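K.L.:
What follows is a structure written as structure tokens; I'll ask about it next.
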Amino acid sequence: MLPKLHKKYSKEQVVLGSIVNDYCELTNVIGEWRMKKLFTLLIAILLLVNCSKNEKNYTVKEIDGVKVFHNTTTPADPNFKIEPKKLFTISGDETDSLSGKTHFKYPTHVDVDDDGNIYILDNKSASIIKYDSSGKFIKKIGSKGQGPGELDNPWLFSIFKGTIYVSEFPKCNHLFTTDGEFLQTDSIIKSVIEDINDSTLLSENLINEAVEDKMFMTHTIGLMKDDFKDFKTLELNKFEDTGPDCNIMFNVIPYCVGNDKIYIAKRSYDQYEIDEYNSHGVNTLKIRKSYARIPLNDKELESYVRSRNTFDNAEKANFKQVYKQVIHKCGMHIDKNGNLLVEAPVKRTDKNEYDYIVDVFKDGVFINTIKLDIGKGFDYYHTEHRHFFKGNRIFYMNREENSVTVYEY
């Protein structure tokens, strides 16, 4: 029965009104359903976005008690950066006011002491040149020769507990005070040393030996106490020295020391892998990162061979290297905050030909790939260009320009 109406309507009008009313109610129901569906969809999108933001760029597995970090190429913090500031450049072409001779001609290594004084080893003059923290010349230490306090063919040195150890491995180390006083030549300490802390040193040895009619080289990275006695071998690689065409720098073990830790990289063209050790020689974690091998272009190969020939001072080499080594001999550094910086290869163009690019890791996790404006960078061990991270400073050794530029960060 139809409801009572205040106004008289025809039966047709009343039925039509009822239909319109039902339609409006149905429209409201459909609208509410659509709104609920839309709201549910929005919630799902927000959850998806939030999950993707919190998704880790790595996975961790424990193998034989060692945590293995498998990193993707996605950075954990794409905003992370380091911004060095150039302080000054030390030119080897400057002359000593007393002798009139240039300070250095062929720099090979840089280190600092606890007071921030800078020491540069010059292979040509077989001496170490000492500067204060502002780059002002102080003195020369040592000279060319084979007598007491003289050096023959030095390439590397380190400063440990106020004593300079100049290595002429595998023969001996020459010891000087940081004031330049000659102490002794020690033939017991044959290795290159680098301090990990006040009681532990890293030792590096490269020894030649003949086996029948072949020559072999053995490169060893180990640990020794401050009494200079080895107590653990971390890595060893023995390889045949086939002459000028032997790519020695691929066969030597890439490593770096800092923040009471030692990092040793796998020698490979396609595997990005680094082991972390503590000062007791315990393997604490492994770092792995996704990587696709990158070929050396003709210009890079020519530059690499030229650099190696200059370094070896021997017959011209004819390396058959096609791909870039993932991590080269001197391609890892520890910054002042304990970050591991890795000079991993990139595809080079005219725009980024000499950019200094590093992957940054912290506690096994890939943080970001960044560019540092600290001189020329190369994707291989280039003897003419080296970088040294010491405290809050970076030293860029540019042998082509016979200089060392100092940055702060």
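K.L.:
Would you pick out the residues in segment 362-409 that are among the hydroxyl-bearing types (Ser, Thr, Tyr) and either under 27 Å from Arg267 (Cβ atoms) or in contact with a Pro (Cβ under 9 Å, 6 or more places away or on another chain) (or both)?
P.N.:
Kept after step one, since they are among the hydroxyl-bearing types (Ser, Thr, Tyr), are these residues of segment 362-409: 369, 380-381, 383, 396, 403, 405, 407, 409.
Hits for segment 362-409 are Thr369, Tyr380, Tyr381, Thr383, Tyr396, Ser403, Tyr407, Tyr409.
K.L.:
Answer yes or no: is there a residue in segment 80-99 that is over 30 Å from Arg399 (Cα atoms), surrounded by 11 or more Cβ atoms within 10 Å (Cβ to Cβ) and modelled with pLDDT of 90 or more. Show your work before the answer.
P.N.:
Pass one, segment 80-99, residues over 30 Å from Arg399 (Cα atoms): 80.
Still in the list and also surrounded by 11 or more Cβ atoms within 10 Å (Cβ to Cβ): 80.
Still in the running and modelled with pLDDT of 90 or more: 80.
Yes, segment 80-99 contains at least one residue that is over 30 Å from Arg399 (Cα atoms), surrounded by 11 or more Cβ atoms within 10 Å (Cβ to Cβ) and modelled with pLDDT of 90 or more.
K.L.:
Among the residues of segment 107-119, are any in contact with a Pro (Cβ under 7 Å, 6 or more places away or on another chain) and part of a loop (DSSP other than H, G, I, E, B)? Even if it seems obvious, please write down each step before you answer.
P.N.:
Here is the first cut: in segment 107-119, the ones in contact with a Pro (Cβ under 7 Å, 6 or more places away or on another chain) are none.
No, every residue in segment 107-119 fails to be in contact with a Pro (Cβ under 7 Å, 6 or more places away or on another chain) and part of a loop (DSSP other than H, G, I, E, B).
K.L.:
Suppose we keep only residues that are basic (Lys, Arg) and in contact with a Ser or Thr (Cβ under 9 Å, 6 or more places away or on another chain) within segment 261-290. Which one would you say is nearest to Asp379 (Cα to Cα)? Walk me through how you get there before you give the answer.
P.N.:
Here is the first cut: in segment 261-290, the residues basic (Lys, Arg) are 261, 266-267, 286, 288-289.
If we keep only those that are in contact with a Ser or Thr (Cβ under 9 Å, 6 or more places away or on another chain) as well, we get 261, 289.
Numbers: Lys261: 24, Lys289: 17 Å.
So, considering only residues that are basic (Lys, Arg) and in contact with a Ser or Thr (Cβ under 9 Å, 6 or more places away or on another chain), the one nearest to Asp379 (Cα to Cα) is Lys289.
K.L.:
Identify the residue in segment 189-232 that is over 22 Å from Leu175 (Cα atoms) and among the basic types (Lys, Arg) and, among all such residues, is surrounded by the most Cβ atoms within 10 Å (Cβ to Cβ).
P.N.:
Lys232
K.L.:
Check Asn283 against each of (1) at pLDDT 95 or above; (2) at positive phi and name the one condition it does not meet.
P.N.:
So the condition that Asn283 fails would be (2).
K.L.:
Is it true that Asp113 is among the acidic types (Asp, Glu) and either in contact (Cβ under 8 Å) with a residue 60 or more places away in the chain or closer than 17 Å to Glu181 by Cβ (or both)?
P.N.:
Numbers: among the acidic types (Asp, Glu): yes; either in contact (Cβ under 8 Å) with a residue 60 or more places away in the chain or closer than 17 Å to Glu181 by Cβ (or both): yes.
Yes; evaluated as a whole, the condition is true for this residue.
K.L.:
Now a separate question. Tally up the residues in segment 233-245 that are surrounded by fewer than 13 Cβ atoms within 10 Å (Cβ to Cβ) and assigned to a strand (DSSP E or B), please. Steps first, please.
P.N.:
Step one: filter segment 233-245 for residues surrounded by fewer than 13 Cβ atoms within 10 Å (Cβ to Cβ), giving 236, 240, 242-243, 245.
Checking the rest, the ones that are also assigned to a strand (DSSP E or B) come to 236, 240.
Of the residues in segment 233-245, 2 are surrounded by fewer than 13 Cβ atoms within 10 Å (Cβ to Cβ) and assigned to a strand (DSSP E or B).
K.L.:
Of all residues being over 29 Å from Asp241 (Cα atoms) and of a type in the set (Ser, Thr, Tyr) in segment 319-363, which is surrounded by the most Cβ atoms within 10 Å (Cβ to Cβ)? Just the residue, please.
P.N.:
Of the residues in segment 319-363, the ones over 29 Å from Asp241 (Cα atoms) are 334-341, 346-363.
Now narrow it down to the ones that are of a type in the set (Ser, Thr, Tyr): 349, 354, 356.
Details: Thr349: 9, Tyr354: 10, Tyr356: 21.
Selected residue: Tyr356.
K.L.:
Restricting to segment 306-343, name every residue that is modelled with pLDDT under 90 and part of a loop (DSSP other than H, G, I, E, B).
P.N.:
Asn313, Ala314, Glu315, Lys316, Ala317, Asn318, Phe319, Lys320, Gln321, Val322
K.L.:
With the structure loaded, tell me whether Phe216 is more than 29 Å from Val346 (Cα to Cα), assigned to a loop (DSSP other than H, G, I, E, B) and over 18 Å from the mean Cα position of the chain (by Cα) or whether it fails that test.
P.N.:
So Phe216 does not fit the description; no.
K.L.:
How do the pairs read when you match residues in segment 354-377 that are touching a residue at least 60 places away in the same chain (Cβ under 8 Å) and closer than 30 Å to Asn402 by Cβ with residues anywhere that are crowded, with 20+ Cβ neighbours inside 10 Å and of a type in the set (D, E, K, R), using Cβ under 6 Å and keeping only pairs 6 or more apart or on different chains?
P.N.:
Once the first residue is touching a residue at least 60 places away in the same chain (Cβ under 8 Å) and closer than 30 Å to Asn402 by Cβ and sits in segment 354-377, no partner that is crowded, with 20+ Cβ neighbours inside 10 Å and of a type in the set (D, E, K, R) comes close enough.
K.L.:
Okay, next question. Would you point out the residue of segment 54-106, among those that are assigned to a loop (DSSP other than H, G, I, E, B) and among the basic types (Lys, Arg), that is nearest to Asn368 (Cα to Cα)?
P.N.:
Lys81
K.L.:
Which residues, counting only those in segment 327-352, are in contact (Cβ under 8 Å) with a residue 12 or more places away in the chain and of a type in the set (D, E, K, R)?
P.N.:
Lys329, Asp335, Lys336, Glu343, Lys347, Arg348
K.L.:
Additional query: So which pairs qualify, if the first residue must be in segment 228-253 and modelled with pLDDT of 90 or more, the second must be part of a loop (DSSP other than H, G, I, E, B) and loosely packed, with under 13 Cβ neighbours inside 10 Å, the Cβ gap must be under 9 Å, and the two must be at least 6 apart or on different chains?
P.N.:
Partner pairs satisfying both residue conditions: Phe228/Ile188; Lys232/His280.
The values are calculated or read from the model by the stated rules, or taken from the named source; none is laboratory data. Here the structure is a predicted model, which is why all the values come from computation and not from measurement. Note: ideal-geometry Cβ built from the backbone for every residue, glycine included; neighbour counts use all protein chains shown.
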